[in-house]
Each structure stands twice: as C-alpha cells, then as structure tokens.
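This report concerns only the one structure given below.
The values are calculated or read from the model by the stated rules, or taken from the named source; none is laboratory data. Remember, predicted model here, so these are calculated numbers, not experimental data. In this analysis, Cβ positions are derived from the backbone assuming ideal geometry, glycine residues included, and neighbour counts consider all displayed protein chains.
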Amino acid sequence: MRLIKLFSILLFAGMIQFSCSPKKAETQSCGNLKAEDFQTTVNGKETNLYFLKNGDISAAITNYGGRIVSLCVPDRNGELGDVVLGFSSIDGYLNANEVFHGALIGRVGNRIALGKFTLDSVEYTLPINNDPNHLHGGPGGFHNVVWDVKSVTDNSIVLTYLSVDGEMGYPGNLSVEMTYTLTPENEVKMDYKATTDKATPVNLTNHAFFNLAGEGNGTINNHLLMINADYFTSVDSTLIPLGENTPVEGTPFDFRTAKPIGQDLGMQAENEQLQNGLGYDHNFALNKPEEGGMTLAAAIVDPESGRKMEVLTEEPALQFYGGNFMDGSDIGNSGLAYKYRESFALETQHFPDSPNQSNFPSIILRPGEVYQTSSMYKFSVE
C-alpha cells in the first residue's frame, strides 16, 4: 500500500512539473508557429524562434535578421489577431520577394545616394540594391545576418551582432546590441546600442509591416493615421532627398489630424511626390522638443477591429510606407497573400541619405561614443 501511495505521489509531482514546464512552440503564438520550423543553419550560424509574452500581447522573434515574426494583440472584443506580416518558417524569409519583413535594419536604414559617401576625406562605396541607390544596409545588411542571442526571458530578448570592418563597404568594427521587451502596458520596446572602433554612419530601425485588421486581411487604406510632423522630406524619382523638408500643410502628406491613409491617394496622378513614391514612401521630420527624448511620432487605428498602435521614439524622423510594392507573391504564415497596399511600415529613424546631406542631423558614430536610442509600439483599443 505504501508503495502504491509513493508511486501516486511521484506521478502527481511529475504531472505538476510537466504542466509548469515551458510550453511547446505549437501553442505559444496566435499564428500557430513552431520553433522547429526556424531551427536551421544560415551562413554557418544556428537560427531559432523565441516566444515572448506580457500583458495582453505576445510576440515571436527569430534571430535570423532579428525579425518580429508574429505580434498578437487583442481587438475591442478581446479577440487576438496577428498584426505583423510574417512567415511560418525560415524558408519563407529566405525565399520572400520582400526581403525586409519584420527585420532589424542596419548599418544605415533608408537610402544612400548612388551607394557613395565621404567621411573624413575618404570616399566609401557601398553595394547597390535599390538601383541606383544603396538601401537598408545593402543585400548583406543586418536583415540578412544571424544575430547572437545574448539572453531571453519570458518578455524580452537581447540580440547582438559584430559587423566587421568593411562589411557592405562600411568602415569600422561595429558592435551592436538590440533588445526587444514586451511591457505590461502592451508595448513592444526596442532599445538599440552600438559602439565602433572607427568613424562610421549608423542608423538602426525595425522594418515590421503591419495590418491592424490582421496580417493578410485586406486594405490598410481605411486605417486612420496621425503623424506628428509639420514637415516631410521631398525626394527625387529614386527616393533620394532633395535636400530640404517641405511643409505638409496643403499637401497629401498632412497627417497632423488623423485621416484614412487612402483619403488623398487619388491625387497621385497630379502630385509629383506621390508619383515618386508610388504612393506614400517618405520621411517625416517629427515635431520634437529641444531636449529630445521619447515622444509620440504617430498613431494609427483600424476602425473595424478597434486596434490602435502608437509609435513613440527618441529618433528625429519617421518613414511612412504604404505597402506600394507588395504584389501578392509573398504568402504569409496564415496562407494569405500579402497584396498591394495591404500593409504599412512606420520606421523610426534619422533622415535618409544623411551622410550626403549637410542640412540633416549627423549619423556618424565615432570611437569612444555610444549610439543609443529607443522606440516602441504601444497597443490599445478604441
């Protein structure tokens, strides 16, 4: 009898231990993602998928490109939806038509004209991957590398990467650390830090594509968008800045009061800036207090689901992209095609082509200095 009781106690203790163990990946995401579909080797380094949760939101992050693969947030009825475009395996990212899905971007986000800049009297040449310009760090930028995982908790992950001198044409060994944290207030906080042993340009950001109705779930042109900016950056036909910022007042770029994204797209035939961007693909100079700090950059609401996302940042600018180049060739983790103007990006950043634009704030990091900046996506409902 004592033997039977002892066995029952051990069995019950084992059941408790099993139930308190970390859940298998199959049930940790509203996107039904599986960690094993991300466990492979890319460029000689191991990749994996990591699940975070806090408050009412959960996320899946892969160290391949430091990507947000999934971000699940509730609507006004409490129903979870995945609001980030992503894929169900590493193969999906490796074969995607759009290469920047959810990724960390560097060394320099946005475009550098003709892939050239001069720093301390030395001209540097970078690979062209957005003809005729260099875009988002080049084809071997941070979106296409495997980051090292420094630490993981239930609600955060710390990723590191050493970009060696000469990588993608950039000078200096750049040591980067990036932390994703999910807060109890339903925020995704992104903290960036970098040091270098040689002067180099640095402009880091995240390139998640969003649809607050749920990934692959129709147009974003009905989303109500507010951007806290009195000026936007005019660009030429290759999306390189013309060297000045233009008042938004009286233009389709006036989002100071929330309006549907699609409200003024009918002006594309007559508006040169909308023509150059094939819609919205422009930098906005944020209204910032002199002391800087974390401030509201944008707020966007899906009126159907009630999901609201606020973008807060220490950065001086924000790139708004309206999904103009999506063509339906990428199929997401729920089996839905990612189509034209069915997603948006709001990328916190310094200004495009800054190394070649003397009027723009410098992005040059020098030895002994620390690059440090934070941004966040905050979710709620209306």
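Here Val248 does not fit the description of being of a type outside the set (Ser, Thr, Tyr), more than 29 Å from Ser305 (Cβ to Cβ) and at pLDDT 95 or above.
Set side by side, the residues Phe51, Phe38 differ, and just one is crowded, with 17+ Cβ neighbours inside 10 Å, within 30 Å of Glu304 (Cα to Cα), modelled with pLDDT of 95 or more and of a type outside the set (Val, Ile, Thr), which is Phe51.
The set of residues in the stretch 360-382 being surrounded by fewer than 19 Cβ atoms within 10 Å (Cβ to Cβ), within 23 Å of Gly293 (Cβ to Cβ) and out of contact with any Lys or Arg (no Cβ under 9 Å at 6 or more places or on another chain) consists of Pro361, Ser362, Ile364, Glu369. Among residues of the stretch 307-320 that are of a type in the set (A, V, I, L, M), none has a Cβ under 7 angstrom from a residue that is at pLDDT below 95 and crowded, with 23+ Cβ neighbours inside 10 Å at a sequence gap of 6+ or on a separate chain.
Taken over the stretch 127-155, the criterion of being crowded, with 21+ Cβ neighbours inside 10 Å and in contact with a helix residue (DSSP H, G or I) (Cβ under 8 Å, 6 or more places away or on another chain) is satisfied by His134, His136, Gly137, Gly138, Gly141. If you scan the stretch 356-376, which residues turn out to be of a type in the set (A, V, I, L, M, F, W, C) and within 13 Å of Pro316 (Cα to Cα)? Phe360, Ile363 - these are the residues of the stretch 356-376 that are of a type in the set (A, V, I, L, M, F, W, C) and within 13 Å of Pro316 (Cα to Cα).
If we scan the stretch 216-224, do we find a residue that is in contact with a helix residue (DSSP H, G or I) (Cβ under 9 Å, 6 or more places away or on another chain), surrounded by fewer than 23 Cβ atoms within 10 Å (Cβ to Cβ) and either without any contact (Cβ under 8 Å) to a residue 24 or more places away in the chain or part of a loop (DSSP other than H, G, I, E, B) (or both)? Yes, the stretch 216-224 contains a residue that is in contact with a helix residue (DSSP H, G or I) (Cβ under 9 Å, 6 or more places away or on another chain), surrounded by fewer than 23 Cβ atoms within 10 Å (Cβ to Cβ) and either without any contact (Cβ under 8 Å) to a residue 24 or more places away in the chain or part of a loop (DSSP other than H, G, I, E, B) (or both).
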